[in-house]
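Okay, structure first, notes after.
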Amino acid sequence: MSRTAKHLWSLLGGVIAHGGGWKLSFAKGLTVWRNEGFAGLRYRMLSIGAVADGKPVTKANGVPVLRNDYREWLKRYGQIDDALRQTIRQRISEFSVPPLISVIMPVFNPRLDWLIAAIESVRNQLYPHWQLCIADDATQNPQVRILLEGYAQRDSRIRFIPRSENGHIAQASNSALTLATGDWVALLDQDDLLAEQALYLVADNILRCPEVQLLYSDEDKIDKHGRRHAPYFKSSWNPDLFYSHNLITHLAIYRKSLLDQLGGFCTGYEGAQDYDLALRCIEQIQTQTIIHIPHVLYHWRSHVDSTAARSTAKPYAMQAGERALRDHFSRSGISCQVISNGNSYRVRYDLPSPPPQVSIVITSRNAIEMLKRCIESILQKTNYPNFEIILVDNDSDEQAAVAYLASLDREPNIRVVPGPGPFNFSALNNLGVRHAEGSVICLLNNDTEVIDAHWLDELASHACRPGIGAVGAKLLYPNGSLQHAGIVLGIAGWAGHAHKGQPAETPGRWGRASLISGFSAVTGACLVMRKELYDRLGGLNEHQLPVACSDVDLCLRAAQLGQRTLWTPYARLYHHESATRGYDTTPEKQTRLASEVAYMHQHWAHLLHNDPAYNPNLSLEREDFSLAWPPRAYLTEHLSAEAVLAAQYPSTAQIHPESSQQ
């Protein structure tokens, strides 16, 4: 057996535990093998085992631990003791008007022990101001009705309605809704569990943000032995990620008046009725009224027949979700196509007719072979019908380069613009944009190479959408591994590239390397934006940020104007990173970089510590979305809601930015 095989074999036990048992782990592994091959399977196992070269890579309080050992992480940061329970109860007693939360639960043919556990997880809430509204959808087992009636008789907060005929989950949920008298509605499935602090944190956030309409939390899964695994640590409200998969899912809490206005759940979307409900809700509310609670408040039961274990367990659910998305975009007047990708969705937005001209701005100095590869890949592989190339030459002096630039200048859709002086990435790009005739601009490094023919269609279609600022592409190293899949603020002191170095086809943690989603910034190595927005922002900051940080800064300034940054995996290019200018290794370059990072901390410190497109339970030491030791939002002695809110709303504008020429 090879060394690699022995190493993977040693990780097998942890992988099986993480996956919820050997049956589920085998099914998941088979899917990875089919989609990503051995390289993908190997990387997944290494990521779950969180081991590099056979050694633990994370230390918590000086003790080596496995980077993604969720059980160990829960022991350290996910526990509530009696003292904390008492503190929470004291805080609840100080609520002047505690909100009543109606938990609705549709029931059909449940396992009795799991149903009991679900009900008891509500009864064991630290927050006492709740009601549990249960509708049985004509279950044939008479023991279920006896059980539910008994609970309703013993606890006045539990309400029960039996249905005479089976109407499926949407109608059963609506029946449960008729019992609800609270101002808020939480959704709970018959075999899942609420964390004991769940409704307290919900109520606390409601009281601190009176304008809130919808709340959602992080979640994990629980196997048949009661072992928790596979957490989903979510971002703050991220509409494009939500269009890619149901970001909200569990735990979801809605203002009841909003549900009444919408008429509750719609039939015809069974399996995705909660997705349809959320889609209809966001059509009616403002983004600032949606709150994400960065704590695991919901434990999703994982078994062979559940979508918690396998999205393929209920294929009709994905089909219903696709219909729900299409209907949402139709109601919203948005022209697009919705495509199901197995366990996620891709939304392809139609370009305006006719497609706008895109001005591709490239800065360069000498490096003729690299520049040729970039230019020729654009000309030979780009299907987009209307683009121009503006090449800003930064004092090329090699004879071959000068001759090549002269030949390019004779091409009908290429212009060469002199950009003399010391290298200033920001100033050179701003110069190129001033010469641009297109209504959409694309900043593109000369060390990139087009892979997909439709790369520019994809990027431009997003840039033309209302509310979208910068759009970034999936960039790969020449060896095929990921170079850029969005930027996470705070990593390495200021910013890092999400999932950097992972295999090209990896989905990333929770799909973040394979789904269209919002990030706080994208790299200026390939950044597309409407020219009017670029001009309104004053372009890149060429005075304080001449090289490394100006793209991140541009995205954050766009977010202040309500324009969110987007990353798409469906526009792919190679990036031969820093091949012409090199890395920041000389004392002069290091001094310049330190100055730029200092500027970023001075102007964006609140975001560098709390990236709303990331999660405070995730690491700022690594780029792989691994666990933080300790997390930046965990159960303190006060379970501080102030910290929760500060992480989500660092300023009056909710910000979703992305970028960096790293």
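The values are calculated or read from the model by the stated rules, or taken from the named source; none is laboratory data. These numbers come from a predicted model, not from an experiment. Because the Cβ atoms are built from the backbone with ideal geometry, glycine has one as well, and the counts that use them run over all protein chains shown.
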Inset, instruction - Kindly indicate the residue of segment 524-567 that is among the β-branched types (Val, Ile, Thr) and under 18 Å from Tyr599 (Cα atoms) and also surrounded by the most Cβ atoms within 10 Å (Cβ to Cβ) among those meeting that condition. - result: Val552
Legend entry - Which listed residue, of Gln143, Gln153, Gln90, Gln125, is at pLDDT 95 or above, surrounded by 18 or more Cβ atoms within 10 Å (Cβ to Cβ) and not hydrophobic (A, V, I, L, M, F, W, C): Gln125
Legend entry - In segment 83-103, the residues that are of a type in the set (Val, Ile, Thr) and under 20 Å from Val122 (Cβ atoms): Ile88, Ile92, Ile101, Val103
Inset, instruction - Considering only segment 59-176, give the helices (runs of 4 or more DSSP H) lying wholly within it that have at least 2 residues that are within 28 Å of Pro210 (Cα to Cα). - result: 82-93, 112-123
Legend entry - Residue among Glu621, Glu658 that is among the acidic types (Asp, Glu), modelled with pLDDT under 90 and closer than 23 Å to Gly511 by Cβ: Glu658
Inset, instruction - Scan (1) in the same structural domain as Gln153 (by TED's automatic domain parsing); (2) under 24 Å from Pro631 (Cα atoms); (3) among the β-branched types (Val, Ile, Thr) for the single condition Val65 breaks and write down its number. - result: (1)
Inset, instruction - Output the residues belonging to segment 263-299 that are among the charged types (D, E, K, R), farther than 16 Å from Asp189 by Cβ and in a loop (DSSP other than H, G, I, E, B). - result: Glu283
Inset, instruction - Please indicate, with yes or no, whether at least one residue in segment 314-334 is surrounded by fewer than 13 Cβ atoms within 10 Å (Cβ to Cβ), at pLDDT 95 or above, assigned to a loop (DSSP other than H, G, I, E, B) and on the phi < 0 side of the Ramachandran plot. - result: no
Inset, instruction - Please verify whether segment 435-450 includes one or more residues that are part of a helix (DSSP H, G or I) and modelled with pLDDT of 95 or more. - result: no
Inset, instruction - Report whether or not Glu532 is among the charged types (D, E, K, R), part of a loop (DSSP other than H, G, I, E, B) and either modelled with pLDDT of 95 or more or under 27 Å from the mean Cα position of the chain (by Cα) (or both). - result: no
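State yes or no: is Ser156 in the same structural domain as Val212 (by TED's automatic domain parsing), touching a residue at least 12 places away in the same chain (Cβ under 8 Å) and either polar (S, T, N, Q) or over 28 Å from Ser257 (Cα atoms) (or both)?
When the stated conditions are applied, Ser156 does not pass them.
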Inset, instruction - Within segment 186-222, track down each residue that is part of a loop (DSSP other than H, G, I, E, B), buried (at least 20 other Cβ atoms within 10 Å of the Cβ) and out of contact with any helix residue (DSSP H, G or I) (no Cβ under 7 Å at 6 or more places or on another chain). - result: Asp189, Ala195
Legend entry - Filter pass, Asn174 being surrounded by fewer than 19 Cβ atoms within 10 Å (Cβ to Cβ) and within 22 Å of Asp276 (Cα to Cα): no
Inset, instruction - Select, from Ala513, Ala492, Ala453, the only residue that is in a loop (DSSP other than H, G, I, E, B) and either closer than 22 Å to Glu621 by Cα or without any contact (Cβ under 8 Å) to a residue 12 or more places away in the chain (or both). - result: Ala513
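Which residue is surrounded by the fewest Cβ atoms within 10 Å (Cβ to Cβ), if the candidates are limited to segment 355-385 and must be over 32 Å from the mean Cα position of the chain (by Cα) and over 20 Å from Pro418 (Cβ atoms)?
Top of the filtered list is Gln380.
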Legend entry - Residue list for segment 456-489, restricted to those being touching a residue at least 24 places away in the same chain (Cβ under 8 Å) and over 24 Å from Leu533 (Cβ atoms): Leu476, Tyr477, Pro478, Gly480, Leu482, Gln483
Inset, instruction - Please tell me if Ile116 is surrounded by fewer than 17 Cβ atoms within 10 Å (Cβ to Cβ), among the β-branched types (Val, Ile, Thr) and either touching a Ser or Thr at 6+ places or on another chain (Cβ under 6 Å) or touching a residue at least 24 places away in the same chain (Cβ under 8 Å) (or both). - result: yes
Legend entry - Given (1) at pLDDT below 95; (2) surrounded by fewer than 19 Cβ atoms within 10 Å (Cβ to Cβ), index of the condition Gly263 fails: (1)
Inset, instruction - Kindly check whether there is at least one residue in segment 233-244 that is part of a loop (DSSP other than H, G, I, E, B), out of contact with any Cys (no Cβ under 9 Å at 6 or more places or on another chain) and at positive phi. - result: no
